[in-house]
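These notes are about the structure you will find just below.
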Amino acid sequence: MFIAVEGIDGSGKSTTIAELEKFLTARGHAVHRTAEPTKLDTGRAIRELLGQKNERPYTRHELALLFAADRLRHLEEEVEPALAAGKTVLTDRYLFSSLAYQSVDLPYEWVAGLNRFARLPDTVLYIEVSVDTALSRLARFRQGTEIFETRAFLEKLRANYEKVFKKYTGKVNIVRLDGEVAMSDIAADIEKRLSGIFPKKV
Ligand code: TMP
């Protein structure tokens, strides 16, 4: 089973994924946890470009191509072999991040085209959070903000995720998690919302 976790910056994704991993493991899944951008060459190059200290210029087209390249190698070298070995792959961001983020300032169809060879996951878990909550988390937990973290950008992004999910309704299982719950209540919320969707493996 291939599960992608998505959300705007500041949605509480890291904590949620850690709890998801525990939840799935307790239900008998052998979890392979991973993320995009990856730790492979292109993923590392992307993190460098997006980082606070970067002074090298890059274009948005270049960035979109890098995300797509990183994804295809991620699939080939990591995701597909793990799935073939019977693992449940849990990725922090995937295809829908490119469709939502890169289409903020590039044509959606171009971004979708770049990613046409990236297979769909079985389930997308979308952490739904308000822009106010996201911004206050980002202010608390991060030292500097990345280019993607202004209010206007986060609002556009939230709207883009909704547009993308509309397009994919019926093609992929989209499950929403409440990103407004306190960090301490995330585990209980996951249990409540996902027990019916991920039954215990025997
Ligand atoms: P992270 O903060 O969730 O690790 O992700 C790094 C940033 O990269 C985040 O702001 C979202 C962005 N991103 C894209 O713009 N497109 C993509 O395809 C992916 C995977 C991430």
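The values are calculated or read from the model by the stated rules, or taken from the named source; none is laboratory data. Quick caveat, the model's predicted, so the values are computed rather than measured. Virtual Cβ from ideal backbone geometry, glycine too; neighbours counted across all protein chains shown. Calculation scope for accessible area: heavy atoms of the full protein, side chains included, ligands and nucleic acids excluded. Shrake-Rupley method; radii C 1.70, N 1.55, O 1.52, S 1.80 Å.
Number of residues in the stretch 48-70 that are of a type in the set (A, V, I, L, M) and open to solvent by 80 Å² or more (accessible area, probe 1.4 Å) equals 1.
Among residues of the stretch 45-65 that are within 21 Å of VAL111 (Cβ to Cβ) and within 12 Å of the ligand (Cβ to nearest atom), those with a Cβ under 8 angstrom from a residue that is β-branched (Val, Ile, Thr) and open to solvent by less than 80 Å² (accessible area, probe 1.4 Å), sequence gap 6+ or separate chain, pair up as LEU63/ILE46; ALA64/VAL111.
Within the stretch 29-39, can one find any residue that is open to solvent by 10 Å² or more (accessible area, probe 1.4 Å), of a type in the set (Lys, Arg) and in contact with a strand residue (DSSP E or B) (Cβ under 6 Å, 6 or more places away or on another chain)? Within the stretch 29-39 (the criterion being open to solvent by 10 Å² or more (accessible area, probe 1.4 Å), of a type in the set (Lys, Arg) and in contact with a strand residue (DSSP E or B) (Cβ under 6 Å, 6 or more places away or on another chain)), the answer is yes, since at least one residue qualifies. Here ARG93 meets each of (1) away from the ligand (no atom under 13 Å from the Cβ); (2) on the phi > 0 side of the Ramachandran plot with one exception, condition (1). I'm trying to understand the selection: among the residues of the stretch 150-164, which are closer than 12 Å to GLY7 by Cα and touching a residue at least 40 places away in the same chain (Cβ under 8 Å)? Of everything in the stretch 150-164, those that are closer than 12 Å to GLY7 by Cα and touching a residue at least 40 places away in the same chain (Cβ under 8 Å) turn out to be LEU154, LEU157, ARG158, ASN160, TYR161. Within the stretch 166-197, being touching a residue at least 60 places away in the same chain (Cβ under 8 Å) and hydrophobic (A, V, I, L, M, F, W, C) holds for LEU177, MET183, ILE186, ALA187, ILE190, LEU194, ILE197. Pairing residues of the stretch 72-91 that are more than 22 Å from GLY113 (Cα to Cα) with residues that are of a type in the set (Asp, Glu), at Cβ distances under 7 Å and at least 6 apart in sequence or on separate chains, gives LEU90/GLU21.
In the set (1) within 12 Å of the ligand (Cβ to nearest atom); (2) in a loop (DSSP other than H, G, I, E, B), PHE117 fails one condition alone, (1).
Is at least one residue of the stretch 86-101 within 19 Å of the chain's Cα centre (by Cα), farther than 26 Å from SER130 by Cβ and assigned to a helix (DSSP H, G or I)? No, because not a single residue in the stretch 86-101 is within 19 Å of the chain's Cα centre (by Cα), farther than 26 Å from SER130 by Cβ and assigned to a helix (DSSP H, G or I). Number of residues in the stretch 11-28 that are touching an Asp or Glu at 6+ places or on another chain (Cβ under 7 Å) and open to solvent by less than 20 Å² (accessible area, probe 1.4 Å) equals 2. Remark: ASP122 falls outside the filter, which requires a residue to be closer than 21 Å to ASN173 by Cα, within 10 Å of the ligand (Cβ to nearest atom), at pLDDT 95 or above and open to solvent by 10 Å² or more (accessible area, probe 1.4 Å). State all residues of the stretch 190-202 that are part of a helix (DSSP H, G or I) and farther than 14 Å from VAL5 by Cβ; if no residue qualifies, say none. Of everything in the stretch 190-202, those that are part of a helix (DSSP H, G or I) and farther than 14 Å from VAL5 by Cβ turn out to be GLU191, LYS192. Scanning the stretch 71-85 for residues that are more than 16 Å from the ligand (Cβ to nearest atom) and either surrounded by 14 or more Cβ atoms within 10 Å (Cβ to Cβ) or of a type in the set (A, V, I, L, M, F, W, C) (or both) yields GLU80, ALA82, LEU83, ALA84, ALA85.
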